[in-house]
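Data block below; observations after.
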Amino acid sequence: PLRDPEVQDLRESAAAAVDARDYAAAVEALNQALLIVADDPAVLQERAEVALLQSEYERAQTLSQRAFELGSKVGPLCRRHWATIEQAHLALGQAEAAANAHAQIDTCTVAGLQRM
């Protein structure tokens, strides 16, 4: 599907801000994007990753979990959800939960076609 050009501009601004380590600007851009597309798993995931960079571990976990619930259960974005959740758990000292999240990463892989 085509993306809203305003949302895409905000995502690009957020990415540039992250590259410049201006996390507050990245948060602002992604929050604006979420006002337009509140249930976009990719934008939610990007916001979760910035929360992780800001040491907002519980927020990162919550946002990634929500993105996973709304998005595809396979593929690279799925793996990013679980990796973020894993890192948030590790930062919070929740080793068992981190291990469980890490185990979920493998479930995001699409099995290849079996050919004869």
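Assorted remarks:
- Entry note, the chain: relative contact order of 18 percent, from Cα contacts under 8 Å with a spacing of 6+ residues.
- Rough spin-label spacing in nm, given labels placed 7 Å along Cα→Cβ, for ALA15 and SER72: 1.7
- ASP106 accessible area, assembled protein chains, probe 1.4 Å, Å²: 120
- For the chain, a crude dipole built from +1 on the beta carbon of Lys and Arg and -1 on the beta carbon of Asp and Glu, taken about the Cα centre, is about 440 debye to the nearest 20.
- Region 1-73: trypsin sites (Lys or Arg not before Pro) in DSSP loop, at most 10 other beta carbons within 10 Å: ARG21
The values are calculated or read from the model by the stated rules, or taken from the named source; none is laboratory data. Everything quoted here is computed from the prediction, not taken from an experiment. For neighbour counting, all protein chains shown are included, and Cβ atoms are generated from backbone atoms with ideal geometry for every residue, glycine included. Remember, those area values only see protein heavy atoms, side chains included, never the ligands or the DNA or RNA. Shrake-Rupley method; radii C 1.70, N 1.55, O 1.52, S 1.80 Å.
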